[in-house]
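**Q** Please see the structure below; I have some questions.
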Amino acid sequence: MRKRILLPYLLILLVGIIGLSSSCHRPEPEPQPVPDSFANGIFILNEGVFQMNNSTLSYYNFETGEITQDLFLQQNGRGLGDTGNDLQRYGSKMYCVVNNSNTLEILKMDGTSLKAIPMTGKQPRYVAFYEGKAYVTCFDGDVVRIDTATMEIDGTVHSGLNPEGICVCNGKLYVSNSGGLNNPDYGHTVSVIDPDSFTVIKEIEVGINPGIMQSYRDNYVYLVTRGDYGSVPYNFVKIDANTDEVAKTYDMAVLNFYIWDHFAYIYHYDFTTFESWIKVLDLNTDEISSENFITDGTKIETPYGICVNPLNGDVFISDALNFTVSGKIYWFNNQGQLKQSFNVGINPGHMLINSPAVFS
C-alpha cells in the first residue's frame, strides 16, 4: 500500500487509465474455475526497486506450502515491469497495476496475461470495481474506466491532483487526491464520483496528502492522510458515505491498514527512526482493542503491506527489510501468533487471498 508516496521512492533511489454507456449496469461477474494449483493460496505483488524493472508476482500454496517466486515470468515468458502498485481480483480475473511501466495487466487466476492495457504517461496507481467496470487512479489527475468484459478503456474523468487510493461505497466512487508529486503543495481532498454519469459530484476536505482507502459495510470510507512527512502528522480519517462528510479524524499516525469484520488492522513505520507498531482498532467502539497485534514476540523490520483472510481472520504482513533485497511474508492467526513465514520478492507490498470459499 504508497508509495507511501515519495519516501520509499527516495529511499530506493538513495540506495541503488467509448463504448457502452456507464449507465448500462452489468451484474457482478460469476467466478470461473481456477486451476487446482492456484485455488487455495495467496498472491503477492512485489513492487521491485523503482526504475529497475524488476516487479514480480509470487504465489504461496496454503495446502502444500510451496511457493512460486516469479509466477508472471513463468507463465508469460516476460517480466511484469517496473513498480507493481496494486493487485485486485474481480470475477475470474486479476488486475495488476504497474505504475512506472504505465500498464494495467489483466490476468487469469493462474498468472497468465489476458491483456496488457497501455496507459502511457498516466502513472496508474490503484484499481477498484463496480458493476462490470474497473476504475484506475492515475497520477496525471485522472480516473480511467475500463470495461471488464471487453477489456477496453471506455471513459476518463479528472479527479484532482495525483489521485491515489480508490474504493466503492454506497454506490459511489471515492478517490483520494494526494498531490504526492507536488510537494510541498499536497492535495487535501477526496473526490466523490457518480459512476452513472462518471462525473465528480463533490469534494471532501480530509487533510493533506490523502492516500489509501477502504470501504466499511457500505456506509463508511476509511483513509490515511500522510501529512507532509514533517511538521504535519499522519492521521486516520472516517467519511460517512451517506452524508459525504468527515465523521471522525483519529489522532493516529497510520501508514497502512486493512479492515476485516469490525476491526481495522493498522500499522505505522517511521522512515527516520525505523520504528513501527501494529495495532487493532475496533470500528464499533472507535477504541484500540489491541495495542500490539503481534503477541508472540515476532519482529517485523519494515512493515510494507497487510491483508486479512476473510474466512478465518488470519493476518498476513509483508516485510520490505531494507527495500533492496528479497522481502518476507509473515502469516499470523487472528490472535497475533505466527503460523508461518516465507521469502518472496523485493518490496512485497500487495497481497491477494485466493480461495474458492472467498470468491464463491
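**Q** Once amide H atoms are placed 1.01 Å from N in the peptide plane, what residues at a sequence separation of 5 or more from Gly227, or on another chain, have their amide H within under 5 Å of its amide H?
**A** Those lying under 5 Å, H to H, from Gly227 are Ile208, Asn235.
**Q** What is the dipole size for the range 214-285, taken about its Cα centre, with +1 at each Lys and Arg Cβ and -1 at each Asp and Glu Cβ, in debye to the nearest 20?
**A** Working: 5 positive and 10 negative charges, 17 e Å.
Taking the Cα centre of the range 214-285 as origin, the dipole is about 80 debye.
**Q** Now for a separate question. Under a point-charge model restricted to the Cβ atoms of Lys and Arg (+1) and Asp and Glu (-1), what is the dipole moment magnitude of the range 202-346 relative to its Cα centre, in debye to the nearest 20?
**A** Values: 9 positive and 19 negative charges, 90 e Å.
The calculated dipole for the range 202-346 is roughly 440 debye.
**Q** For the range 299-311, in order, what is each residue's ³J(HN,Hα) by Karplus, 6.51 cos²θ - 1.76 cosθ + 1.60 with θ = phi - 60°, in whole Hz (x at glycine and Pro)?
**A** Per-residue couplings from phi come out as 9, 10, 6, 9, x, 10, x, 8, 8, 10, 6, x, 7 Hz.
**Q** Identify, among Ile294, Ile42, Ile193, the residue whose Cα sits farthest towards the positive end of the charge dipole of the chain, taking +1 on the Cβ of Lys and Arg and -1 on the Cβ of Asp and Glu, with the dipole about the Cα centre.
**A** Ile42
**Q** Once every Cα of the range 109-166 carries one equal point scatterer and solvent is ignored, give the base-10 log of I(q)/I(0) from the Debye formula at q = 0.27 Å⁻¹, two decimals.
**A** After summing over all Cα pairs, the log10 values are -1.17.
**Q** Just give me a number: lysine pairs in the chain, eight or more positions apart or cross-chain, with C-alpha atoms less than 13 Å apart.
**A** Details: Lys93/Lys108; Lys93/Lys115; Lys93/Lys133; Lys133/Lys172; Lys172/Lys202; Lys238/Lys248; Lys299/Lys328.
Lysine pairs, 8 or more places apart or on different chains, close enough: 7.
**Q** Further, regarding this structure: Taking square-rooted eigenvalues a ≥ b ≥ c of the alpha carbon gyration tensor, is the chain rounded, prolate or oblate, where a/c under 1.5 means rounded and, failing that, a/b exceeding b/c means prolate? Don't skip to the answer; put the middle values down first.
**A** Details: a/c = 1.26, a/b = 1.03, b/c = 1.22.
Rounded is the answer for the chain, as its axis ratio a/c remains below 1.5.
**Q** Find, among the trypsin sites (Lys or Arg not before Pro) in the range 72-131, those assigned to loop by DSSP (not H, G, I, E, B) with at most 11 other beta-carbon atoms within 10 angstrom. Kindly include the intermediate steps, with their values, before the conclusion.
**A** Values: sites: Arg78, Arg89, Lys93, Lys108, Lys115, Lys122, Arg125; in loops: Arg78, Lys108, Lys122.
Hits after loop and neighbour filter: Arg78.
None of the figures in this text is laboratory data; all of them are computed from the coordinates on show. Only a predicted model underlies this, so the values are computations on that prediction, with no experimental measurement involved. Cβ: placed from backbone, ideal geometry, glycine included. Neighbour counts: every protein chain shown.
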